[in-house]
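Undergrad: One structure, pasted below without further comment.
The values are calculated or read from the model by the stated rules, or taken from the named source; none is laboratory data. Because the structure is a prediction, the values reported are computed rather than measured. Neighbour counts are summed over all protein chains in view; Cβ atoms, including those assigned to glycine, are modelled from backbone coordinates with ideal geometry. Just the protein is used for accessible areas: all its heavy atoms, side chains included, with ligands, DNA and RNA removed. Shrake-Rupley method; radii C 1.70, N 1.55, O 1.52, S 1.80 Å.
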Amino acid sequence: REFTASVEFNFGLFLYKHQNFGKSITWLQSSYETRGDARNPNQNRERQAKTAQLLALCSIALNEFDAAERHLCDSLSLSENPTTYYFKLKLELLRGKPLASSALMDVLQHPQVSFELCTTAFQLMMDSNHFVDVVAGCDTLLEQDRFNKNFENKNAILLWSFDALLASGRNERLTEEFGNLVDVCLSCECASTLKSFHLSRWIGSAMIAAASLSERGFHHLTVVLLQDILRLQAHPLLDSEEVLDNASSVNARFLLMSSCLLVAKESRECLEKSQIHPFECNRRIPLDTSTFDKHLMLSIAVAHAECAATKYPKSFPIRSMCCRVYLAMGDERKAIGEIAALSLCDGFDLQALCTAALDAQELGAKRAMLSSFLWILQNPDYTTSENHSALAVPTAQQLPKNFIGVVLKASVALLYEELFPDDIADESDKEKESEDTRKTLRDLPALKGDEAALEELIRILQQGIALIEDRKPKELFGEDKEIEASLEYLSDVCWNLARVVSSNFRKCSTLLELCHKFGSFRKGSVSTLHSQKFARVMYASTILDHADSEDVREEHILKCISAINEARVLITSIDRARRHGATLLNGSEASSDPALLHLALLDVRSRALQRDSEALHRCVVAAIEMPNATASLLETIAFECLNARGSDVRISKEEMDFKERAIDSSILALRRALEMRLKALGEPDANVSDKDKSSEKSDPLARLIRELIRVSIARRAELGLNFVQTAEQLIEGKFGSYTYPAMELYWLAATAWNHAQLLSKGGKEKEACRWAASALNICKRGPSSPALRSITASAQEFMAWNSGQNLNS
């Protein structure tokens, strides 16, 4: 019978191994019945118990749990094998009944249970999330001498307990047990005994536990656990690399300092530097949370910061964390020093540096925050350091895609606030600027920050342009609306700064150039085009206003001319956009923008500086032909032509030719201005500005005629006489009602009489008589005065004498 039962059992085992559980049960049941009743004294009870076990396993595989339970009970009645208790534990877990903890204890307390079966049972319980039962089971095993006195088994049991404590959330006991283990390790005097602790697995579990505790907000326990890990690393009998490799060591110190800062922030106590006492890095931290105050945590953080900076001087996460620690203790100088040391570090961890910047902002350490921002802007193509990537830092925020743009604006705002703590008026609406843009650069508030801050801000703005050119606005700022707002803000900052530093050519021109570049990345709306236009106009004005400065060279004049042309193109675009619903389509050239008048003047000034007579003449002609040109503009253009200076050393033939052509151009402009002013006498609203109408006391018409006569006489006497005769007609009222100023009339009569005498002395009697006749006519029309009567008498005498000479001849 035993032989037959054995053959049947082997058939059943074969089928079980091939997962044919149904047929396996048939053969196993037959084997079980062949051996007969358990009361048979000749029955092999051990083999019968194994058959019942295998029957239970087949039933479990077929989810026939009641049958499996019956077979296990049969097996236990035959032989109390610890393996059968293990299968019973597995069955209880599969059925989900609350008897698993009791079944585990049956396995662990069996006198014949092996340690391997115990660990298998622990793994089964851990996989089923029965963590508390595993902790209780570990405690049960440690009470048994056969496990407690075996060092290898005891160490393994402690590791199971540690993992279960971590999984079950019993954090304080977990931390305490690890600290106790470290104390035992540190007390070892034999390296071979120390190495039997399986330290690599202990440290791995402890690091996972530290990260888990930190993520769940148990920062004080994280500090205690990491402190014990680093204490173990410092054991004199151990190579530190055996405990923690370089990356893990960096991670441990980084997370420890971070957790210290988080605990310190939770405390509301006032912090004084005198309360930060030295802390020894190999000291154990008690678990009593009542001892965890801000001062202790910062003392621990400072101790590890100094140690880590010395041990890992090129670790970016460590140096950035040291910066945070020094900020927390109020030492901004040391914090900035750590940021400066980042240039020596390997890799770049933007997330770590951003957290340092956030700390600086929260603590009001603006210079440290700015140093962090500058690093971010100078290293936009960052990669997260591999040494830091394994840890989840709870204070580090997820960085949005447009984070670099946010940092750029924050850096600009930080320095702008430092330069102008009370702020200056918002000048973003540049359409309200006056026609003469140069006047907006005067009477503005002075900088309240230092020059270094201004230089730094300019560098940041230049870096911003480089970033936009490299990454495109959408990548930096996000959605279209945010792009427009960001670029407008940066452009306005450049504009306002340029207005304030107008006396400094280099800074002002640089800022205006930046203003234009920021604007060029914006969409072509009317307001945007206006902003760019004014930036270009102001840029050209700044160069010309500093023309006498040594900083202005030939290339600046060329840039000025280029800016003028760009401004004209922008005006054309504005005119088209207004007519075509903000869509830049082909259309007629813009001609009504008052800025064109100012550009015409700037063009003349730049050509005069360039000493280009042909270009100067073309600019004057173009200004004269402008539909909205005013007499005052043409007069100013004429004066610019006349005031163009040459070399102070010697005047070459080319310079003389330029001056002659410049005078011709000025006469051309003055003549057109005179025509406009004479026409305005009959049409008071035509081609004359409000400014001209309100300036009656300045007598612009009489002053214009005086200038025309003065310039023309030097070039050609006949031309000058024509303007004198025009003045006569004006006095006679042929151009409308006009009262010629008495002083101007006296100057006119005196000039005509003096020139008549000059011509007479030169033998040009005929021309002299015409001038004398004009002088006499002017005197007769003017008011009675001794001066005019004297000129009248002299002119009449000259005319009579000249008439007599003609009769004699």
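Undergrad: Which of the residues that make up segment 244-258 are surrounded by fewer than 22 Cβ atoms within 10 Å (Cβ to Cβ) and either part of a helix (DSSP H, G or I) or modelled with pLDDT of 75 or more (or both)?
TA: Within segment 244-258, 246, 247, 248 meet the criteria.
Undergrad: Filter segment 595-629 for residues that are closer than 23 Å to residue 569 by Cβ, in a loop (DSSP other than H, G, I, E, B) and out of contact with any Pro (no Cβ under 8 Å at 6 or more places or on another chain) and give the result.
TA: 612, 625, 626, 627, 629
Undergrad: Further, regarding this structure: Collect the residues in segment 89-148 that are of a type in the set (A, V, I, L, M, F, W, C), closer than 23 Å to residue 69 by Cβ, open to solvent by 80 Å² or more (accessible area, probe 1.4 Å) and outside any loop (DSSP other than H, G, I, E, B), keeping them in residue-number order.
TA: 94
Undergrad: Are any of the residues in segment 480-491 open to solvent by 50 Å² or more (accessible area, probe 1.4 Å), closer than 24 Å to residue 565 by Cα and assigned to a loop (DSSP other than H, G, I, E, B)?
TA: Scanning segment 480-491, I find no residue that is open to solvent by 50 Å² or more (accessible area, probe 1.4 Å), closer than 24 Å to residue 565 by Cα and assigned to a loop (DSSP other than H, G, I, E, B), so the answer is no.
Undergrad: Of all residues in segment 56-73 being assigned to a helix (DSSP H, G or I) and touching a residue at least 40 places away in the same chain (Cβ under 8 Å), which is surrounded by the fewest Cβ atoms within 10 Å (Cβ to Cβ)? Please lay out each step first, then the result.
TA: So the first thing to find is which residues in segment 56-73 are assigned to a helix (DSSP H, G or I), and the list is 56-61, 65-73.
Pick out the ones that are also touching a residue at least 40 places away in the same chain (Cβ under 8 Å) and you get 57-58, 61.
Working: 57: 20, 58: 27, 61: 15.
For segment 56-73, the residue satisfying everything is 61.
Undergrad: Related question: Sort out which residues of segment 298-355 are in a helix (DSSP H, G or I), out of contact with any helix residue (DSSP H, G or I) (no Cβ under 7 Å at 6 or more places or on another chain) and modelled with pLDDT of 75 or more, and write them in order of number.
TA: 299, 303, 306, 307, 310, 311, 333, 337
Undergrad: List the number of the failed condition for residue 608; all other conditions in (1) without any contact (Cβ under 8 Å) to a residue 12 or more places away in the chain; (2) under 45 Å from the mean Cα position of the chain (by Cα) hold.
TA: Condition (1) is where residue 608 drops out.
Undergrad: In segment 451-479, which residues are outside any helix (DSSP H, G or I) and within 15 Å of the chain's Cα centre (by Cα)?
TA: Across segment 451-479, the qualifying residues are 472, 478.
Undergrad: Also: Only one of (1) farther than 21 Å from residue 739 by Cα; (2) open to solvent by 40 Å² or more (accessible area, probe 1.4 Å); (3) part of a helix (DSSP H, G or I) fails for residue 780. Which number is that?
TA: (1)
Undergrad: Are any residues in segment 170-192 in contact with a helix residue (DSSP H, G or I) (Cβ under 8 Å, 6 or more places away or on another chain) and of a type outside the set (S, T, N, Q), and if so, which ones?
TA: Start the filter on segment 170-192 by keeping residues that are in contact with a helix residue (DSSP H, G or I) (Cβ under 8 Å, 6 or more places away or on another chain), which leaves 170-175, 177-179, 181-182, 185-186, 188.
Scanning segment 170-192 gives 170, 172, 173, 174, 177, 178, 179, 181, 182, 185, 186, 188.
Undergrad: Next question. Could you check segment 153-169 and list, in sequence order, the residues that are more than 14 Å from residue 129 (Cα to Cα) and charged (D, E, K, R)?
TA: Selection gives 154 alone.
Undergrad: Go over the candidates 549, 531, 527 one by one and state the one that is open to solvent by 30 Å² or more (accessible area, probe 1.4 Å), among the small types (Gly, Ala, Ser), modelled with pLDDT under 85 and assigned to a helix (DSSP H, G or I).
TA: Values: 549 fails: assigned to a helix (DSSP H, G or I); 531 fails: open to solvent by 30 Å² or more (accessible area, probe 1.4 Å).
Sole residue among the options that is open to solvent by 30 Å² or more (accessible area, probe 1.4 Å), among the small types (Gly, Ala, Ser), modelled with pLDDT under 85 and assigned to a helix (DSSP H, G or I): 527.
Undergrad: If you check 749, 727, which single one turns out to be open to solvent by less than 60 Å² (accessible area, probe 1.4 Å), touching a Cys at 6+ places or on another chain (Cβ under 9 Å) and part of a helix (DSSP H, G or I)? Spell out the reasoning first.
TA: Working: 727 fails: touching a Cys at 6+ places or on another chain (Cβ under 9 Å).
749 is the lone residue from the list that is open to solvent by less than 60 Å² (accessible area, probe 1.4 Å), touching a Cys at 6+ places or on another chain (Cβ under 9 Å) and part of a helix (DSSP H, G or I).
Undergrad: If you don't mind, another one. Since residue 540 meets every condition but one in (1) open to solvent by 10 Å² or more (accessible area, probe 1.4 Å); (2) in contact with a helix residue (DSSP H, G or I) (Cβ under 8 Å, 6 or more places away or on another chain), which condition does it not meet?
TA: (1)
Undergrad: For a quick check of your reading of the model, give me the residue pairs whose first member lies in segment 74-94 and is over 17 Å from residue 133 (Cβ atoms), whose second is among the acidic types (Asp, Glu), with beta-carbon atoms closer than 6 Å and at least 6 apart or on different chains.
TA: From segment 74-94, the pairs are 79/46.
Undergrad: Out of segment 568-602, which residues are hydrophobic (A, V, I, L, M, F, W, C) and modelled with pLDDT of 75 or more?
TA: Kept after step one, since they are hydrophobic (A, V, I, L, M, F, W, C), are these residues of segment 568-602: 569-571, 574, 577, 582, 584-585, 590, 595-597, 599-602.
Scanning segment 568-602 gives 569, 570, 571, 574, 577, 595, 596, 597, 599, 600, 601, 602.
Table: residues versus (1) modelled with pLDDT under 85; (2) among the hydrophobic types (A, V, I, L, M, F, W, C); (3) surrounded by 16 or more Cβ atoms within 10 Å (Cβ to Cβ).
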| position | (1), (2), (3) |
| --- | --- |
| 633 | no, yes, yes |
| 636 | no, no, yes |
| 642 | yes, yes, yes |
| 693 | yes, no, no |
